[in-house]
Structure formats: C-alpha cells, structure tokens
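What follows draws every value from the coordinates through simple rules; no lab data is involved. Given the structure is predicted, the values throughout are model-derived calculations rather than measurements. Neighbour counts run over all protein chains shown; Cβ positions are idealised from the backbone, glycine included.
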Amino acid sequence: MLARVGLGQDALGRCPHEFSGAQRQPIGIARALILKPKLVVADEPVSALDVSVAAQVLLLLRELQAELGPTYIFISHSLPAVALLAAHIAVMRAGQFVGIGPEEMILTAPEADYTMELLAAVPQLPQPPVV
C-alpha cells in the first residue's frame, strides 16, 4: 500500500517525524485503506496542504477509490476539492442540510442561497485573451 501511495520500501523503517507534511498525508491514506474498508471518513484531508500537493492527494484518493472501491464521506470547505471526488454532495450550514443531490445538480443548479454563496466564493482565474 505504501508503494501504491508513492512511497518506497525505505518508508517502512522510518519514524513519523522523518516524513514531510506532504508525505504524511499519503501515509494516512495508506493506513486508512490497508484493511480495504467499505467506508472512509475523510475530514478536511487536504486543508493544510499547498495547492499542488492537495491536487496530488485528491487524485490519489480518486484513483484508490476506482481501484479499491471504498465509499468516501469527504468533509471539506473546498467545493473544488469536493467536486473532484463526489458523485453526490450534501451542503450543510449551521448543522442543517441545505442542499443534497447529485454533484452536477448541486454545483451547476443549486437551490439554496448558501450553496450559491459558496460557489460564488470560489476564485475564478481570468481567461487569457484570444489572439
């Protein structure tokens, strides 16, 4: 499983403090999936990572889901991160569900004002001019 998450055999003999933060996240994923669970709860799994490492972790989670088949309950404040993994999304505000449905419906045609606010808060890169 360590090899599958991008770490070599040398990782087996190392202590936790010897790994970088970017290496610790895949180790956590390997630990969570080693017993092939049917359900994995991932609470803000990429919140403390820089954008490029977070993207790598999200892609790894998606690949492992396709290979091993676990269902993820993916808790995040980042709608782009959620969109990369989710087939269904539940949006909560103050402990109450304000939107539940397929990923496409929630992200492209949200009904709740709060969901619309969350989507509007996602930064958009300006489009380069067409030459």
Compute the projected area of the convex hull of the Cα atoms of segment 73-131, averaged over all viewing directions, and report it in nm² to one decimal place. 4.9 nm²
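Sort SER78, SER47, SER52 by Cβ crowding within 10 Å, fewest neighbours at the top.
The fewest-first ordering by Cβ neighbours comes to SER52, SER47, SER78.
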Hey, in the GNM for the chain with a 10 angstrom Cα cutoff, which one of GLY21, GLY13, GLY99 fluctuates hardest? GLY13
Let me have the 222 nm mean residue ellipticity of the chain computed from DSSP H runs of 4+ only, each contributing -39500 (n - 2.57), with the sum over all residues rounded to the nearest 500. -12000 deg cm²/dmol
Taking other Cβ within 10 Å of each residue's Cβ, how do PHE19, PHE74, PHE97 sort, fewest first? PHE97, PHE19, PHE74
Counting DSSP beta bridges in segment 19-131, what percent are antiparallel, to the nearest 5? 55 percent
Roughly speaking, what is the centre-to-centre gap between segment 84-119 and segment 1-67 when only Cα atoms are used, to the nearest Å? 26 Å
Using the Cα gyration tensor of segment 1-51, with a ≥ b ≥ c the square roots of its eigenvalues, what is the shape: rounded (a/c below 1.5), prolate (a/b larger than b/c) or oblate (neither)? oblate
Between GLN25, GLN96, GLN56, which gets the highest mean-square fluctuation from a Gaussian network model of the chain, Cα cutoff 10 Å? GLN96
Which residue, LEU12, LEU39, LEU60, tops the fluctuation ranking in a GNM of the chain built on C-alpha contacts under 10 Å? LEU12
In terms of the Cα gyration tensor, with a ≥ b ≥ c the square roots of its eigenvalues, is the chain rounded because a/c is under 1.5, prolate because a/b exceeds b/c, or oblate? prolate
Using only alpha carbon pairs under 8 Å that are at least six residues apart, calculate the relative contact order of the chain and give it in whole percent. 16 percent
